[in-house]
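Student: Before I ask anything, here is the structure I am working with.
The values are calculated or read from the model by the stated rules, or taken from the named source; none is laboratory data. Keep in mind that this is a model prediction, so the values were computed, not measured. Quick reminder, even Gly has a Cβ in these numbers, built from the backbone with ideal geometry, and neighbours come from all protein chains shown.
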């Protein structure tokens, strides 16, 4: 039995309210772009719920679940289609595989049944959770972390996103499953969590007079792996959750600290435009230019708050700087409003990670080429730089061109294609001097790793200073 399901942003928001897991990585597309996933992702438990819905649609015999085990192998992005295959189904167990368009496993779900058992359906408060902010837990707090979450279940919302599962499985069972994602995404590990595994056992305990809640407590924290094992229990249920702590977004140096390393008048004659100046290397370059006396016009696509934060910081230079919205793929804005630009710094930063190391994703490669090549040309066609000075353009490449790491083959190939394209653009744009330095791995959101081991990064200031000095 096979099926497919599209996890739209609307459905994901409904599941967040149904489960109480409002972690930004699921419901905030702007905030999620600064995580290791570079995109908002579907709750692992929502993928499990949809698997249950597929099973319920194709099953005509009621079964009480005695055990639920699942492993979430890779994240599914919001908006993507997930495919389901019920590979094994008999009276005692069922195995469901969820995978993406490239046949990479997203989840493996194992259900065990007890035909003779009576199903208990607790009277649960029929309402949604109110939106809340997840806890940001500090490492030293994990070993003693414990608590309890109340369980709710809004039947109308459940019927909208899983119409078959709500008829086949008890409210108590579903509410307890949903409660685990609220624990992981909102409480422990909370803000920077990754849900990896679930293993729950269910018995015949009756919920007479008992409050339906989910208790949790950390059983072990492995600092070297950023792994947290959590024990959970509720009426007629107990089990374990395995989670990881993902790295927090990388914060770049403040303007006041950058200023200490940059001579006051190093870039004083520049009227610069920084595409993608709201975070990462674009943010660092914006601060360096402002510290050296340049007039900076920085763009953002989604992160207006980030861009305004950078703008506020560099305004301490005393010069007037501007912030504007620009979509490298679609914008048709006349950038000549910003005057005669002398320097263009192009830091387009679309999601670059291929979540499978086994298959080269041609769609991702083509998307990156459009961002790095077509997007650059689009900017050149819309800015004003005709005058006595040659426009200097920095479009950074990467050392990964020479030695692509796992899961970044498309990124490295697209950067190599950009280098070749820039050489051919010199005839079309004779008044443009292109700079395509191959930058090393530096501390940015894109460089964040799941590993708890120490990572070696080059300091962005040290790497970029000689390049910007050469371009001045």
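Student: State yes or no: is residue 339 touching a strand residue (DSSP E or B) at 6+ places or on another chain (Cβ under 8 Å), at pLDDT below 95, surrounded by fewer than 20 Cβ atoms within 10 Å (Cβ to Cβ) and at positive phi? So that I can check it myself, show each step before the final result.
Tutor: Working: touching a strand residue (DSSP E or B) at 6+ places or on another chain (Cβ under 8 Å): yes; at pLDDT below 95: yes; surrounded by fewer than 20 Cβ atoms within 10 Å (Cβ to Cβ): yes; at positive phi: yes.
When the stated conditions are applied, residue 339 passes them.
Student: Could I ask something else about it? Residue under question is residue 220, and the condition is that it be assigned to a helix (DSSP H, G or I) and in the same structural domain as residue 180 (by TED's automatic domain parsing); does it hold?
Tutor: So residue 220 does not fit the description; no.
Student: Just for the stretch 76-88: of the residues that are in contact with a helix residue (DSSP H, G or I) (Cβ under 8 Å, 6 or more places away or on another chain) and crowded, with 17+ Cβ neighbours inside 10 Å, which one is nearest to residue 1 (Cα to Cα)?
Tutor: Top of the filtered list is 86.
Student: Next question. Can you find a residue in the stretch 367-389 that is surrounded by fewer than 21 Cβ atoms within 10 Å (Cβ to Cβ), farther than 30 Å from residue 295 by Cα and not assigned by TED's automatic domain parsing to the domain that holds residue 33?
Tutor: Yes: the stretch 367-389 contains one or more residues that are surrounded by fewer than 21 Cβ atoms within 10 Å (Cβ to Cβ), farther than 30 Å from residue 295 by Cα and not assigned by TED's automatic domain parsing to the domain that holds residue 33.
Student: Using the structure shown, decide if residue 451 is part of a loop (DSSP other than H, G, I, E, B), in the same structural domain as residue 267 (by TED's automatic domain parsing) and either over 22 Å from residue 300 (Cα atoms) or modelled with pLDDT of 90 or more (or both).
Tutor: yes
Student: Residue 254 is checked against (1) crowded, with 18+ Cβ neighbours inside 10 Å; (2) at pLDDT 95 or above and fails just one. What number does that condition carry?
Tutor: (1)
Student: Restricting to the stretch 364-402, what's the tally of residues that are assigned to a loop (DSSP other than H, G, I, E, B), modelled with pLDDT of 90 or more and out of contact with any helix residue (DSSP H, G or I) (no Cβ under 6 Å at 6 or more places or on another chain)?
Tutor: 2
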